[in-house]
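Student: Below is one structure. I have some questions about it.
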Amino acid sequence: MSTDTLVDLDEVLTRYEPVIGLETHVELGTESKMFCGCSTTFGAEPNTQTCPVCLGLPGSLPAANAAAIESTIRIGLALGCRIATWSRFARKNYFYPDIPKGFQTSQYDEPLCTAGHLDVEVDGETYRVEIERVHLEEDTGKNLHVGGSTGRIHGADHSLVDYNRAGIPLVEIVTCPIPGTGAKAPEVARAYVTELREILLALGVSEVRMEQGNLRCDVNTSLAPVGSLDWGTRTETKNVNSLRSVERAVRFEMRRQAAVLDAGERVVQETRHFHEDTGSTSAGRSKEEATDYRYFPEPDLVPIAPDEEGVEKLRAGLPELPAARRGRLSQEWGISATEMAWLVNAGAVELVSDTVAAGASPTDARKWWLGELARRANDAGTDLGELAVTPAQVAELIGLVSAGTINDQLARQALDGVLAGEGDPAAVVESRGLAVMGESDELVAAVEAAIEGNPDVAEKVRGGKVQAIGALVGAVMKTTRGKADAATVKRMLEERLIDS
Ligand SMILES: [Zn+2]
């Protein structure tokens with residue numbers, strides 16, 4: 001827990017300019033590891049997916065995974081990077097128990113992809129994030145510190161290491177420092193990771209589940225006095241594991257660093273830990289310089305020399321990227337960029353798209369997902385996509401409303417049934433008896449009872465105050481418990497009070 005004092009964000013911005021930067025690690029979804037044939041399946045018994053290569057045993061020799069190299073190049077192409085014609089792996093030397101070899105096989109001065117960019121949108125404004133590099137490396141094993149209350153090494157009485165993750169291909173995507181975002185720095189950081197995640201999903205190179213650690217972010221933040229030409233000292237908040245946390249980590253560091261600078265002290269260049277529970281960061285180790293790692297080219301692996309023809313083939317095979325897809329869908333659905341941004345923020349683009357594909361109109365699909373369903377998700381404290389209703393079921397519900405079988409109010413009751421696992425909408429309408437009443441004897445009786453029960457209102461309508469009919473419609477809807485069709489009821493009342 002941090003006991004640092006904090007400055008209000010509004011106040012931070014009157015004196016300081018933030019510069020952010022993001023280093024994102026993505027575990028690729030290849031079948032086998034980066035330099036050996038071990039399986040990459042998540043959740044296996046500890047140390048059951050290892051071999052002499054990924055355990056770093058003497059005499060074992062690595063061989064690079066071609067599928068991982070291809071995925072890395074595709075990521076680079078999607079980010080508009082230059083693809084190297086000559087690239088090498090390098091040894092990054094450091095000692096830690098989760099690195100069995102005593103070094104991580106990574107890339108240093110000869111990465112596969114450089115000089116790309118990704119445009120992200122926040123509140124209708126576009127920010128260009130320059131990508132410095134995309135390189136390929138291997139993941140580390142996983143330390144488990146036992147006996148302490150925090151799960152960190154401090155306070156633990158012993159540690160265990162699981163090497164199943166050691167050697168899984170890991171792509172690191174590094175942005176250039178991003179200046180000029182001002183008050184929007186936390187949101188830009190989040191929007192960047194969100195968009196990157198969408199791209200990785202579209203490429204199908206990773207499952208990008210942040211909660212499983214497929215996608216991990218190191219968030220760099222620094223502050224410089226407004227108008228200063230130099231950038232401030234940055235901190236690196238490690239392994240931030242959710243989109244929301246990316247935003248919170250930047251916001252917290254801005255507020256904390258401002259307090260440090262206000263006190264006339266210097267920001268320490270260090271790595272920091274993010275705490276999900278409090279949204280704060282705390283000091284980790286002081287940051288190593290590249291020289292501390294004694295990088296040198298990996299002598300056991302041949303250089304990678306992607307040929308132009310192969311790269312162009314990969315470029316031609318890229319899927320439609322999320323930004324282009326959103327542009328196309330906006331046109332097809334007849335909505336503005338702002339309306340599309342709402343759908344993106346709600347995580348509803350795919351859901352609406354699938355609902356439309358299942359036969360609903362785009363307007364109805366959007367109305368349901370952003371309205372009633374968003375409200376249910378919010379009440380349940382869950383994401384839209386985790387609601388127990390499929391786009392096909394939503395389309396069916398919309399179809400029942402359009403056909404006049406149920407009205408909006410009954411549709412909400414039918415949705416209750418679907419969410420409770422009672423089956424598809426039509427089945428719930430049937431089993432719960434939700435269909436709109438036709439012009440039955442029961443409805444005629446309800447209409448006549450409403451007129452008799454409200455003689456003064458009926459008299460007003462007869463006398464020409466037509467809008468007073470609403471009260472009578474309401475009375476009928478009440479006695480029929482919402483099962484009547486309001487338009488039908490209104491027409492039946494008019495026939496009795498006006499047309500006669
Ligand atoms: Zn292995």
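Student: Give the shape of the stretch 335-419 as rounded, prolate or oblate, defined through the alpha-carbon gyration tensor: a ≥ b ≥ c are the square roots of its eigenvalues, a/c under 1.5 means rounded, and otherwise the shape is prolate if a/b is larger than b/c and oblate if not. List each step's numbers first, then the result.
Tutor: Details: a/c = 1.82, a/b = 1.23, b/c = 1.48.
The shape class here is oblate.
Student: Hey, another quick one. Find how many whole Å separate the alpha carbon centroid of the stretch 422-439 from the alpha carbon centroid of the stretch 131-198.
Tutor: 49
Student: Shifting gears a bit: Rounded to the nearest 20 debye, what is the charge dipole size of the stretch 306-431 about its Cα centre when +1 sits on each Lys and Arg Cβ and -1 on each Asp and Glu Cβ? Mind dumping the intermediate values first?
Tutor: Working: 10 positive and 20 negative charges, 78 e Å.
Dipole size: approximately 380 debye.
Student: Starting from the alpha-carbon convex hull of the chain, give the projected area averaged over all orientations, in nm².
Tutor: Working: hull surface 127.5 nm².
Projected area, direction-averaged: 31.9 nm².
Student: Checking the a/c ratio against 1.5 first, then a/b against b/c, what shape does the Cα gyration tensor give for the stretch 249-360?
Tutor: Values: a/c = 3.27, a/b = 1.30, b/c = 2.52.
Oblate is the answer for the stretch 249-360, as a/c is 1.5 or above yet b/c matches or exceeds a/b.
Student: Still on this model: Using θ = phi - 60° and the Karplus curve 6.51 cos²θ - 1.76 cosθ + 1.60, what whole-Hz ³J(HN,Hα) does each residue of the stretch 114-120 get, with Gly and Pro shown as x?
Tutor: In residue order, the calculated couplings are 9, 6, x, 7, 9, 8, 10 Hz.
Student: Can I ask one more? For V356, what charge total do you get from the other residues with a beta carbon under 10 Å from its beta carbon, if Lys and Arg give +1 and Asp and Glu give -1?
Tutor: Working: positive: R366; negative: E332, D354, D364.
Taking every other residue near V356 into account, the sum is -2.
Student: Treat the stretch 441-497 as a sphere of radius equal to its Kirkwood radius over Cα pairs and apply Stokes-Einstein at 37 °C in a medium of 0.692 mPa s; give the translational diffusion coefficient in µm²/s, rounded to a whole number. Write out the running numbers ahead of the final one.
Tutor: Values: Rh = 10.9 Å.
The Stokes-Einstein estimate is 302 µm²/s.
Student: Quick one: length gained pulling L229 to E309 fully straight, 0.36 nm per residue minus the C-alpha distance?
Tutor: On the way: separation 80, 0.36 × 80 = 28.80 nm, distance 4.36 nm.
24.4 nm is the gain from fully extending L229 to E309.
Student: Which of the residue pairs K367/K483; K92/K184; K33/K238 have a Cα-Cα distance greater than 26 Å in the structure shown? Let's see the in-between values first.
Tutor: Values: K367/K483 22 Å; K92/K184 35 Å; K33/K238 24 Å.
As for pairs spanning more than 26 Å Cα to Cα, those are K92/K184.
Student: Hey, another quick one. Which order do the peptides 219-228, 300-309 come out in when sorted by mean C-beta neighbours inside 10 angstrom, highest first?
Tutor: On the way: 219-228: 18.5, 300-309: 12.8.
Highest-to-lowest ranking by the protection proxy: 219-228, 300-309.
Student: Follow-up question, since we're still on this one. Ranked highest first by the average count of other Cβ atoms within 10 Å around their residues, in what order do 180-191, 394-405, 353-364 fall?
Tutor: Working: 180-191: 21.2, 394-405: 19.3, 353-364: 17.7.
In descending order of packing, they fall as 180-191, 394-405, 353-364.
Student: Also, quick follow-up: Counting Lys +1, Arg +1, Asp -1, Glu -1, what net charge surrounds A395 among other residues with beta carbon under 13 Å of its beta carbon?
Tutor: Values: positive: R366, K367; negative: D354, D364, E396, D424.
After counting each charged neighbour, the total is -2.
Student: Obtain the nm distance between the two label points defined at D157 and A445 by a simple spin-label model: each point lies 7 Å from its Cα along the Cα-to-C-beta direction.
Tutor: 7.6
Student: In whole Hz, what ³J(HN,Hα) sequence does the stretch 324-332 give by Karplus (6.51, -1.76, 1.60; θ = phi - 60°), x for Gly and Pro?
Tutor: 5, 5, 5, x, 5, 5, 4, 5, 4
Student: Compare the Cα positions of G180, G37, T338 along the charge dipole of the chain (+1 at Cβ of Lys, Arg; -1 at Cβ of Asp, Glu; about the Cα centre) and return the one farthest towards the positive end.
Tutor: Final value for the positive-end residue is G180.
Student: Additional query: So for the chain, averaging the separation of alpha carbon pairs under 8 Å that are six or more residues apart and normalising by length, what relative contact order in percent results?
Tutor: Values: 890 pairs, mean separation 71.9, N = 500.
Once normalised by length, the contact order is 14 percent.
Student: Where Lys and Arg each count +1 and Asp and Glu each count -1, what net charge lies around S39 among other residues with Cβ under 11 Å from its Cβ? List each step's numbers first, then the result.
Tutor: Numbers: positive: K33; negative: E31.
In short, 0.
We did not get these values from a lab; they are worked out from the coordinates using the rules stated. These figures come from a predicted structure and were not determined experimentally. All Cβ positions, glycine included, derive from the backbone under ideal geometry; neighbour counts span all protein chains shown.
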